Amino acid sequence: MKILHISAECYPIAKVGGLADVVGALPKYQNNQEISSQVVMPFYDNAFTQNNRFITIYTAKLDLGNQSFSFEIKTLNNKKLGFEIFFVAIPELLFTDYVYSTDDTDRFLAFQIAVLDWMLSLKNKPTIVHCHDHHIGLIPFMMTQSVKYKKLQHIPTVLTIHNAQYQGWFSYDKLSLIPKFDMANAGLLDWDQQINPLATAIKCAWRVTTVSPSYMEELKKEANGLESLLQHESAKCVGVLNGIDTDVWNPETDPYIEKNYKISSVQSGKKANKNYLCKRFNLDNKKPLFVFIGRLVGEKGAELLPKTFNLIIQENKSSILLLGSGNREVEKELETLKEKYKGNYNAFIGYDEKLSHIMYAGADFLLMPSRVEPCGLNQMYALRYGSIPVVRNIGGLKDTVIDIDNKGFGIVHQNVSVSDMVYAIKRAEELYINIAKFKKVRNSIMKINHSWDTSAKTYINLYKTLNR
Ligand code: ADP
Ligand code: GLC
């Protein structure tokens, strides 16, 4: 079997969030298990494309409505990633120093058309096409409906929904950009009188997966307008929990962290990383260190953080460090707190991969008060690095973190509210001073196996049901 993953992000090439981590890991683990798994993504203008060498394997022109663009398919001239990777280079549309902007319709539509044009030319076509999120949502439609791609219609497609909040909506003014199809089937593109690529993919893909079982169930009740569609299509939908790349996320070998450690050396290892963070960010290393890493958006409960931090820091029992960016108002509030709570609180507003690793390693607790969390990888990284997760009971967090009072290993709260968060943090502070229990929990979480092995197999079994 040959699987082609199509995605806008892939670690370490271009990462905005967890989508990149998944697409950069799953194919590697699938390649270890009897199948060949490849990735195709846009060729962006970033550090990776500047610092690596590529070979062009295909050159053609694509039509986007009445515009025409030259494009190339490039590949990396080494096998460092553990899977084969292809890039679609369309200089005018995709060679940007960002992955997403405010209007990406033309960019990602051209990307998808280029992928299909290239696939048409391949002798050895993929056995399964695996599409990730709404940016790739029109591929299952075009493969079954566009006259030009009829030769691809027998290839099964899988859609993985990493996040149903964003759906890629665009207006009918752009209908003519989609390669010609039978207008009698235009309804497949429609949801609430707009073209909705995510809804289209849910309708047209052969199978739909979400990144955790709980999120699949939640989407049937709340999916930013698509709940009835997901109920209707539920027979072909399934939740598969994400894994983590245990080669990249391994405290024993992680090159980014200050001191490597394993379970037997966790005490000194975490201490060295915590000391580094406390020194760099002027925090008290005797107090428990709580960290937040992530996008500062409503889904992550980010607007609750300033008020929660205010209440916690006033009691003077904990240190808090935040890494993230997003909503400008929230960023400003979090910046303002820095001056007020010098020595107990600090924040790095921005994106910093290396710092995130040191924070997973140096923290005592990781905060994730998410409103919506399709899977969440942070809590799984935290577990592996011996940082106890303090999370809301939702989506993938519900599927991966069990409360200590329930014979588990984390702190779980039910609501997205300042009072629930404050109470959860206080429970964590109590755990921290119970040194024996704290250490026992910390050791136990490092043994939890969230490697991709199991879920990679689940996906392979799913592909097999389609490849008859
Ligand atoms: P989402 O994809 O919704 O943002 P996930 O938990 O799936 O959430 O994945 C987030 C990924 O992005 C993790 O690898 C996390 O460490 C990383 N990340 C998020 N924000 C930052 C940041 N500001 N700097 C560095 N890494 C970040
Ligand atoms: C999305 C979700 C996140 C998930 C990630 C990878 O960005 O918000 O919860 O972990 O995709 O699947």
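Per-structure values
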item: Label-zone membership for segment 385-405, site Thr454, 7 angstrom Cα→C-beta point, backbone N under 15 Å; result: 396-402
item: Beta bridges by DSSP in the chain, antiparallel share as percent, to the nearest 5; result: 30 percent
item: Full-stretch length increase - Lys180, Lys437 - with 0.36 nm per residue and alpha-carbon distance subtracted; result: 86.1 nm
item: Mean residue ellipticity (222 nm) of the chain, computed from DSSP H runs ≥ 4 via -39,500 (n - 2.57), nearest 500; result: -10500 deg cm²/dmol
item: From phi via Karplus (6.51, -1.76, 1.60), per-residue ³J(HN,Hα) for segment 87-101 in Hz, x at Gly/Pro; result: 10, 9, 9, 10, x, 5, 10, 10, 7, 10, 8, 10, 8, 10, 9
item: Average accessible area per residue (Å²) across segment 263-445 - probe 1.4 Å, nucleic acids and ligands excluded; result: 40 Å²
item: Across Lys2/Lys150; Lys28/Lys300; Lys74/Lys354; Lys317/Lys440, pairs whose alpha-carbon gap is larger than 31 Å; result: none
item: Environment charge at Glu303 (Cβ cut-off 15 Å; Lys +1, Arg +1, Asp -1, Glu -1); result: +1
item: Residues with amide H under 5 Å from that of Ser451, placed H, sequence gap 5 or more; result: Ile244
item: In nm, spacing of pseudo-spin labels at Lys354 and Lys262 (7 Å Cα→C-beta vector); result: 2.7 nm
item: Peptides 350-363, 164-177 ordered by average Cβ neighbours within 10 Å, highest first; result: 350-363, 164-177
item: Highest-first arrangement of 440-447, 50-57, where packing means the average Cβ count within 10 Å; result: 440-447, 50-57
item: Segment 263-445, relative contact order in percent, only Cα pairs under 8 angstrom and at least six apart counted; result: 22 percent
item: Rg/Rh ratio calculated on Cα atoms of the chain (Kirkwood radius); result: 0.98
item: Kirkwood hydrodynamic radius over Cα pairs of segment 263-445, then Stokes diffusion coefficient at 25 °C and 0.890 mPa s, in µm²/s; result: 154 µm²/s
item: Relative contact order [Cα under 8 Å, 6+ residues apart], the chain, whole percent; result: 12 percent
item: Diffusion constant of segment 318-400 at 25 °C, which comes from Stokes-Einstein with the Kirkwood Cα-pair radius and 0.890 mPa s, µm²/s; result: 179 µm²/s
item: Listed peptides 206-216, 279-289, 24-34 by packing density, highest first (mean Cβ within 10 Å); result: 206-216, 24-34, 279-289
item: Bridge type composition, segment 263-445 - antiparallel percent by DSSP, nearest 5; result: 0 percent
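The values are calculated or read from the model by the stated rules, or taken from the named source; none is laboratory data. On a predicted model such as this, the values are computed, not experimentally measured, just so you know. Neighbour counts run over all protein chains shown; Cβ positions are idealised from the backbone, glycine included. When the accessible area is computed, the model is the full protein with side chains, heavy atoms only, and any ligands, DNA or RNA have been set aside. Shrake-Rupley method; radii C 1.70, N 1.55, O 1.52, S 1.80 Å.
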